Amino acid sequence: MQAFDYASARTVDEAVSLLAQHGERARILAGGTDIIVQVREGRRSVDLLLDIKKIPEVNQLSYDPINGLRIGAAVPCYKIYEQAEIATAYPGLIDAVSLIGGIQIQGRATLGGNLCNASPAADTIPALIVLQATCLIAGPQGTREVPVERFCTGPGRTILQRGEFLLSFHLPPPQKHSGARYLRFIPRNEMDIAVVGVGASAVLNEAHTRFVSARIALGAVAPTPLLAVEAGEILAGKEISEENIQRAAEAAQAIARPISDMRGTAAYRRHLVGVLTRRALQGAIQRAKKEA
Amino acid sequence: MSKKVQVQARINGEEVEFLCEPRQSLLEVLRDELGLTGSKEGCNNGNCGACNVIMDGVLVNSCLVLGVEIQGKEITTIEGLAGPEKLHPLQQKFLEYAALQCGICTPGFIVASKALLDKNPHPTEQEVRYWLAGNLCRCTGYDKIVRAVLAAAEVDHEGRR
Ligand SMILES: Cc1cc2nc3c(=O)[nH]c(=O)nc-3n(C[C@H](O)[C@H](O)[C@H](O)COP(=O)(O)OP(=O)(O)OC[C@H]3O[C@@H](n4cnc5c(N)ncnc54)[C@H](O)[C@@H]3O)c2cc1C
Ligand code: FES
Ligand code: FES
């Protein structure tokens, strides 16, 4: 592997100033499950890996039903699913964090790394988008907040500017009669990259007969994960029926811009978007009904 | 070459101090600097689990941890499992069940299984299979490995170090 320097920041300011100083030549090291492989394989070259895991803000993990969930960018996956209260409140997020790699990867891989690596197929991004998660970003000018769906700008590219890094995520508390589900299609049972991934969330009326609102997000079918705005809007106020779910699935298929590669052809991926959107919506509805 | 960094950690219960370059993985440090060659390199990219170690109680791939990151941490490798007199029950059962052939994957499977049994002493077969999904074996086949882990879970806890 190429030579590089290592630094471990203890405060947000220290990290920001090191990042501002080194620009593109510095990368953050969180769980290392993407960046170490990329540097070793020569797919990325760096002068400095900046370890953020000793900064208190990136290790936060707190939930309460009024303020919702705050997850530091460097919290590894296993810590999220091992907290029973969080697992109960956000099963749609747990769907995604518990299928990243195997147990060994989940011991290190973080939500922040999954988002900042900006892979079109990253599993947690569609789940975060349908849960209306926002990113808190620290930088030379202080902090700013952006919705997750605006964070990625292309494969491996994000809105982060020089000196900026991701501090944490915030998820609003789950509403009554709401549920979410993330599903991905892979040819094996475990340890694979999504051919297509779909997240869905739904808020139902008290009688559980209608959608109040819904959100659908797609992975691995465009240069970035996508919020399928129209597919969600179609369902707002509508009756829960096979027909309406099918219309939403078609709207999701319409915005997918998949490519053909070794994992599947574009046509196959488009078909999968329809199937997974229906199933993810049905899963979200089922969970919402249990939340009565 | 960047400057070597001094690191202190606890490995298999012993305080150790070593110098390493930031680019060296924990796996390289264990094998090349500390002579602990039990942990194996299969893929060097996180997919095979042959390099598995337990870091502060958490199962990780040592090929995806930098040596410099273990400052102040506690690491258990395959060398830390057997007692002075006898093998760890997992090692014993892997032998009894012939759960290895070439043996390259074995340290990783055993360390991963130890992390499982530490957390969940009586796992179901399905739990064992999912837990070990990040470990690859190219010769034995997984069934004997799963049987060996389930048998080790039956061994009285007194028998374990
Ligand atoms: C065997 C294996 C299986 C995998 N399986 C899956 C899978 O099923 N699904 C999936 O989605 N991914 C998978 N991955 C990819 C990877 O594990 C995830 O993307 C993981 O979430 C990355 O997190 P990390 O903390 O390890 O990131 P790192 O490698 O530490 O960082 C990733 C990138 O993000 C940047 N970064 C990290 N944190 C921040 C921050 N706070 N602010 C700014 N930039 C930051 C880094 O500089 C780097 O460029 C797999 C990887 C391996 C090796
Ligand atoms: S050598 Fe580390 S996972 Fe294969
Ligand atoms: S025994 Fe040879 S790889 Fe498993």
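The values are calculated or read from the model by the stated rules, or taken from the named source; none is laboratory data. The model shown is predicted, which means the values in this text are computed figures rather than measured ones. Cβ atoms come from the backbone with ideal geometry, glycine included; neighbour counts cover every protein chain shown.
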*Looking at the range A:97-105, is at least one residue under 20 Å from the mean Cα position of the chain (by Cα) and away from chain B (no Cβ under 13 Å)?*
yes
*asked:* Residues that are buried (at least 24 other Cβ atoms within 10 Å of the Cβ) and within 12 Å of ligand 1 (Cβ to nearest atom), at least 2 per element: which strands (runs of 3 or more DSSP E) completely within the range A:10-106 meet that?
replied: A:26-29, A:68-72
*asked:* more than 28 Å from A:ILE193 (Cβ to Cβ), within 25 Å of the chain's Cα centre (by Cα) and away from every other protein chain (no Cβ under 13 Å): which single residue out of A:PRO65, A:PRO91 fits that description?
replied: A:PRO65
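Rundown of residues vs (1) more than 11 Å from ligand 2 (Cβ to nearest atom); (2) surrounded by fewer than 24 Cβ atoms within 10 Å (Cβ to Cβ); (3) touching a residue at least 12 places away in the same chain (Cβ under 8 Å), yes/no style:
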residue	(1), (2), (3)
B:GLY38	yes, yes, yes
B:GLU41	no, yes, yes
B:ASN52	no, no, yes
B:LEU87	yes, yes, no
B:GLU96	yes, yes, yes
B:CYS102	yes, yes, yes
*Of the conditions (1) of a type outside the set (Gly, Ala, Ser); (2) more than 9 Å from ligand 1 (Cβ to nearest atom); (3) surrounded by fewer than 24 Cβ atoms within 10 Å (Cβ to Cβ), A:ILE186 fails just one. Which one is it?*
(2)
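For every residue, the table says whether it meets (1) touching a residue at least 40 places away in the same chain (Cβ under 8 Å); (2) more than 14 Å from A:GLN104 (Cα to Cα).
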site: B:LYS4; (1), (2): no, yes
site: B:GLN24; (1), (2): yes, yes
site: B:CYS48; (1), (2): yes, no
site: B:LYS73; (1), (2): yes, yes
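For (1) more than 27 Å from B:ASN61 (Cα to Cα); (2) away from chain B (no Cβ under 14 Å); (3) assigned to a helix (DSSP H, G or I), each residue gets a yes or a no:
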{"position": "A:SER119", "(1), (2), (3)": "no, yes, no"}
{"position": "A:ALA122", "(1), (2), (3)": "no, yes, no"}
{"position": "A:ILE125", "(1), (2), (3)": "no, yes, yes"}
{"position": "A:ILE129", "(1), (2), (3)": "yes, yes, yes"}
{"position": "A:GLU145", "(1), (2), (3)": "yes, yes, no"}
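Rundown of residues vs (1) more than 14 Å from chain A (Cβ to nearest Cβ); (2) at pLDDT 95 or above; (3) more than 16 Å from ligand 3 (Cβ to nearest atom), yes/no style:
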site: B:MET1; (1), (2), (3): no, no, yes
site: B:GLY80; (1), (2), (3): yes, yes, yes
site: B:PRO89; (1), (2), (3): yes, yes, yes
site: B:LYS93; (1), (2), (3): yes, yes, no
site: B:LEU100; (1), (2), (3): yes, yes, no
_Could you list, ordered by first residue, the pairs with Cβ atoms under 6 Å in which the first is in the range A:5-19 and within 13 Å of another protein chain (Cβ to nearest Cβ) and the second is surrounded by 18 or more Cβ atoms within 10 Å (Cβ to Cβ) and β-branched (Val, Ile, Thr), at least 6 apart or interchain?_
A:TYR6/B:VAL68
*Can you confirm whether the range B:59-71 contains a residue that is touching a residue at least 60 places away in the same chain (Cβ under 8 Å), among the hydrophobic types (A, V, I, L, M, F, W, C) and over 17 Å from B:PRO107 (Cα atoms)?*
yes
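Here is a yes/no grid of residues against (1) facing another protein chain (nearest Cβ under 10 Å); (2) more than 13 Å from the chain's Cα centre (by Cα):
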position	(1), (2)
B:LYS4	no, yes
B:ASN12	no, no
B:GLU21	yes, yes
B:LEU34	no, yes
B:THR37	no, no
B:ALA50	no, no
B:GLY57	yes, no
B:VAL68	yes, yes
B:THR77	no, no
